[in-house]
Amino acid sequence: MENENQNTSEFKVAGLTMEKLSIYYGLFLILWGVIVSFVSGSSSMTSYIPSILGVPILIFSFLSIKFESKKKIFMHIVVLFGLFIFLGGLDFIRSVISSNAFSNFYADLSKIMMLITGLFFTYQCIRSFIHARKMRELGSAE
């Protein structure tokens, strides 16, 4: 029973708090941009877009753990970057519509990654915010 209460008090995805998941996601994005840029031989700054967007996710996720009193604002900033990533990934649809999908393989691969992971991440953040609100309401009802 105690374990059940612990699970309902803090939202987790695959056993990770949203703050830790966000740190891992930020690191993943940073590594993705660096690796794809290296593998593709790209000298374009646009190949680093996932890395550039991963840095603030990593920083604000870390700050949300370090400064618990500011967690709410930091995690709201994190979800905004997650939403930007998802929206950036939607550009892949333009490639499909214009029949240019995978004319630049690595760019489109990055867009698909951003589309899928950005959607998943933003969805989990929203679920976390809903859960936190319910927990606050339950806490104030007691």
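Per-structure values
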item: Members of the range 18-30 that are among the aromatic types (F, W, Y) and free of Cβ contacts under 8 Å to residues at least 60 places away in the same chain; result: Y24
item: Residue list for the range 85-115, filter: of a type in the set (D, E, K, R) and not in a helix (DSSP H, G or I); result: none
item: From the options G139, G118, G82, G33, residue that is part of a helix (DSSP H, G or I), in contact (Cβ under 8 Å) with a residue 40 or more places away in the chain and within 28 Å of S9 (Cα to Cα); result: G82
item: Residue in the range 46-66 that is of a type in the set (F, W, Y) and surrounded by fewer than 15 Cβ atoms within 10 Å (Cβ to Cβ) present; result: no
item: Condition met for F121 (aromatic (F, W, Y), within 21 Å of I35 (Cβ to Cβ) and in contact with a Gly (Cβ under 6 Å, 6 or more places away or on another chain)); result: yes
item: Candidate set: the range 102-115, residues that are touching a Gly at 6+ places or on another chain (Cβ under 9 Å) and free of Cβ contacts under 8 Å to residues at least 40 places away in the same chain; chosen: the one surrounded by the most Cβ atoms within 10 Å (Cβ to Cβ); result: K111
item: I65 assigned to a helix (DSSP H, G or I), in contact (Cβ under 8 Å) with a residue 12 or more places away in the chain and under 12 Å from the mean Cα position of the chain (by Cα); result: no
item: Residue within the range 74-87 that is modelled with pLDDT of 95 or more and not hydrophobic (A, V, I, L, M, F, W, C) present; result: yes
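The values are calculated or read from the model by the stated rules, or taken from the named source; none is laboratory data. Fair warning: this is a prediction, and the values are worked out from it, not measured in the lab. Note: ideal-geometry Cβ built from the backbone for every residue, glycine included; neighbour counts use all protein chains shown.
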